[in-house]
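*Asks:* This is the structure I have questions about; it appears just below.
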Amino acid sequence: MFASIGLIALAMLVAPAFAQRMSARAAWLLALAPLAAFTFFLSQLPEIAGGGVLTESFSWVPALGVALAFRLDGLSMLFALLITGIGALIVLYSGAYLHGHPHLGRFYAYLLGFMASMLGLVLADDLIAMFVFWELTSVSSFLLIAFEHDKAVSRRAALQALLITGGGGLALLAGLILVGVAGGSWQFSGLSAQALAAHAAYPAILALVLIGAFTKSAQLPFHLWLPNAMAAPTPVSAYLHSATMVKAGVYLLARLNPALGGSTSWSAILITVGAATALVGAVLAIRQTDLKRVLAYTTVTVLGQLTML
C-alpha cells in the first residue's frame, strides 16, 4: 500500500519532465502508475472479500505515537479501486483535453499529487496520518481548481473551496484529537465505541467530526463551494468533484460509524442534513442551464443521499 502511494507520488515528480519531452505520449506513461496500483488492489480482492485485512505500519513520529499505519479492508478497498481506476482514466483524459497546453506537465503533477493524497486518506488507519492526507487533498484541489489562474472566477472558486474545506479541517483535527483521547486508541481499528459513547466530550466530538465531514462532502450549509469549483478544467470536475474528493467526508462517516454511530444524535443529524442536502441539490439542479452546474448539483444530491443512508 505504501509502495502504491509512493509510485503515484513518483509519477507526480517526473510528470513535468515527461510532458515536456514526450508530449501526447506522457499521459499513457503516467497513467501506468495508478493502473499498477489498481492492479495491486484488484489482486487483493479475493482475500479482502473473504474477510481478510491487510495492514502496513511505519514509524513516523515515535515521540507522539504517530505512525504511517495503513489498513486495507472492504471499505478502503472500494475507495482505493475508485481512486486508482478512475484516476488512470482521468490522466488519459487530461492528456487529450489539455493537449498542447503549455502547463500540461504542471497539471499532471497536481492531479497525481491529489491522487496520492486521496489514496493515503482512505488507506490510513492512524488518525493523525489520515488528517495529514485529508489536508493534502485540500491543498492539491486548490491548485487544480485554480489551474487557470488568469481567470478571476477560477481564483475565487479555489479560494472559496480552500477556506471552507480548510476551516472544516481545523474542526476535524480537534475532533480527531478528542476521538483519540476518548476512544483509547489513535487508530481507527482500535477505537472503543463504548468508551466514546460514555465520554463527556462525545457531543463535542460529534459536532467537530461532522463539521469536517460535511464541509468536505458539500452538505448543507457548506454546499456552495462545489458548484463554484466547476470552474476548474473538466478533468478536475470529473475526478475531484464527482468521483473522489467529495466522497472523503462520506468515507469518514462510514469509517467512524462503528465507533460513533451508536447514538440517536448521530442518526438524527445525518438523516436530517443528508435529506435536506439531497432535496436542495435536486431543486437547484432543475434550475441550471449549464451542463457542469447540473452535474455539480446532482452530485450534491447524491452526496446528501449517501450521508442520509
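Table: residues versus (1) open to solvent by less than 10 Å² (accessible area, probe 1.4 Å); (2) closer than 29 Å to Gly183 by Cβ; (3) among the basic types (Lys, Arg); (4) assigned to a helix (DSSP H, G or I).
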| site | (1), (2), (3), (4) |
| --- | --- |
| Arg106 | no, no, yes, yes |
| Met115 | yes, no, no, yes |
| Glu148 | no, no, no, no |
| Arg156 | no, no, yes, yes |
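*Asks:* Given (1) open to solvent by 20 Å² or more (accessible area, probe 1.4 Å); (2) closer than 30 Å to Leu196 by Cα, where does Lys292 come up short, assuming only one miss?
*Replies:* Just one mismatch for Lys292, condition (2).
Yes/no per residue for (1) out of contact with any helix residue (DSSP H, G or I) (no Cβ under 8 Å at 6 or more places or on another chain); (2) open to solvent by less than 30 Å² (accessible area, probe 1.4 Å); (3) assigned to a helix (DSSP H, G or I); (4) at pLDDT 90 or above:
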{"residue": "Phe214", "(1), (2), (3), (4)": "no, yes, yes, yes"}
{"residue": "Pro221", "(1), (2), (3), (4)": "yes, no, no, yes"}
{"residue": "Val236", "(1), (2), (3), (4)": "no, yes, yes, yes"}
{"residue": "Tyr251", "(1), (2), (3), (4)": "no, yes, yes, yes"}
{"residue": "Ala278", "(1), (2), (3), (4)": "no, yes, yes, yes"}
{"residue": "Ala282", "(1), (2), (3), (4)": "no, no, yes, yes"}
{"residue": "Ala285", "(1), (2), (3), (4)": "no, yes, yes, yes"}
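*Asks:* Looking at (1) closer than 28 Å to Phe38 by Cβ; (2) of a type in the set (Gly, Ala, Ser); (3) open to solvent by less than 20 Å² (accessible area, probe 1.4 Å), can you tell me which one Ser189 breaks?
*Replies:* (3)
*Asks:* It is to be established whether one or more residues within the range 47-56 are surrounded by 15 or more Cβ atoms within 10 Å (Cβ to Cβ) and in a helix (DSSP H, G or I).
*Replies:* Yes - at least one qualifying residue is present in the range 47-56.
*Asks:* Could you tell me whether any residue of the range 122-137 is part of a helix (DSSP H, G or I), out of contact with any strand residue (DSSP E or B) (no Cβ under 9 Å at 6 or more places or on another chain) and surrounded by fewer than 24 Cβ atoms within 10 Å (Cβ to Cβ)?
*Replies:* Among the residues of the range 122-137, at least one is part of a helix (DSSP H, G or I), out of contact with any strand residue (DSSP E or B) (no Cβ under 9 Å at 6 or more places or on another chain) and surrounded by fewer than 24 Cβ atoms within 10 Å (Cβ to Cβ), which makes the answer yes.
*Asks:* Please go through the range 82-104 and give me each residue that is surrounded by fewer than 20 Cβ atoms within 10 Å (Cβ to Cβ) and either in a helix (DSSP H, G or I) or at pLDDT 95 or above (or both), ordered by number.
*Replies:* Leu82, Gly85, Ile86, Leu89, Leu92, Tyr93, Ala96, Tyr97, listed by residue number.
*Asks:* Tell me which of these Ala182 doesn't satisfy, since it passes every other one: (1) free of Cβ contacts under 8 Å to residues at least 60 places away in the same chain; (2) open to solvent by 20 Å² or more (accessible area, probe 1.4 Å); (3) aliphatic (A, V, I, L, M); (4) in a helix (DSSP H, G or I).
*Replies:* Evaluating Ala182 over (1) free of Cβ contacts under 8 Å to residues at least 60 places away in the same chain; (2) open to solvent by 20 Å² or more (accessible area, probe 1.4 Å); (3) aliphatic (A, V, I, L, M); (4) in a helix (DSSP H, G or I) leaves (2) as the failure.
*Asks:* Please specify each residue of the range 23-39 satisfying the condition of being without any contact (Cβ under 8 Å) to a residue 40 or more places away in the chain and open to solvent by less than 60 Å² (accessible area, probe 1.4 Å).
*Replies:* Answer for the range 23-39, where residues must be without any contact (Cβ under 8 Å) to a residue 40 or more places away in the chain and open to solvent by less than 60 Å² (accessible area, probe 1.4 Å): just Ala36.
The values are calculated or read from the model by the stated rules, or taken from the named source; none is laboratory data. Computed from a prediction, not measured in an experiment: that's the story for all the values here. Neighbour counts run over all protein chains shown; Cβ positions are idealised from the backbone, glycine included. Each accessible area value is taken on the protein alone, full model and side chains, heavy atoms only, with ligands, DNA and RNA left out. Shrake-Rupley method; radii C 1.70, N 1.55, O 1.52, S 1.80 Å.
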